Amino acid sequence: MKVAYTPRFLRLLKKLPLGLQDEVIEKIELFKDASNHQRLEVHKLKGRLRKFYGFSVSYRDRVVFEYISENEVALLAVGDHEIYKLFL
């Protein structure tokens, strides 16, 4: 799967502690292989965010993304559950 990074995603990623940044990058690499999606808890979001998807980085942190095509996604945001408020 091809992954595109939005400027917002990159800004939010740089604000994270270095250890968490490394974990996010590791999870993105796993995400590129669709066979890992269940392990990462990839799921469709609900309500006002229904056109977006998310996956887990850690118990607390998530990545929000949207499909551009069947084999390409754009990563939109990363952080704790507060990131969902960016889209409201």
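Quick note: the coordinates plus some simple rules give every number you see, no bench work behind them. Note that the structure is a prediction, hence the values are computed from the model and not measured. With ideal geometry, Cβ positions are generated from the backbone for all residues, glycine too; neighbour counts draw on all protein chains shown.
Here are a few things to note about the model shown:
- Residues whose amide H falls under 5 Å from that of LEU45, counting only those 5 or more places apart or on a different chain, are PHE52, TYR53, GLY54, with hydrogens built in the peptide plane.
- Cα extents of the chain along the three principal axes, largest first (Å): 31, 29, 24
- Per-residue Karplus couplings for the stretch 16-33, computed as 6.51 cos²θ - 1.76 cosθ + 1.60 with θ equal to phi - 60°, are listed in order as 6, x, 4, x, 6, 4, 4, 5, 4, 4, 4, 5, 5, 4, 5, 4, 4, 9 Hz, Gly and Pro entered as x.
- Highest to lowest packing among 73-86, 18-31, scored as the average C-beta count within 10 Å: 73-86, 18-31
- Remark on ALA77: its backbone amide H falls under 5 Å from those of VAL64, a criterion applied only to residues 5 or more positions apart or on other chains, H modelled at 1.01 Å from N.
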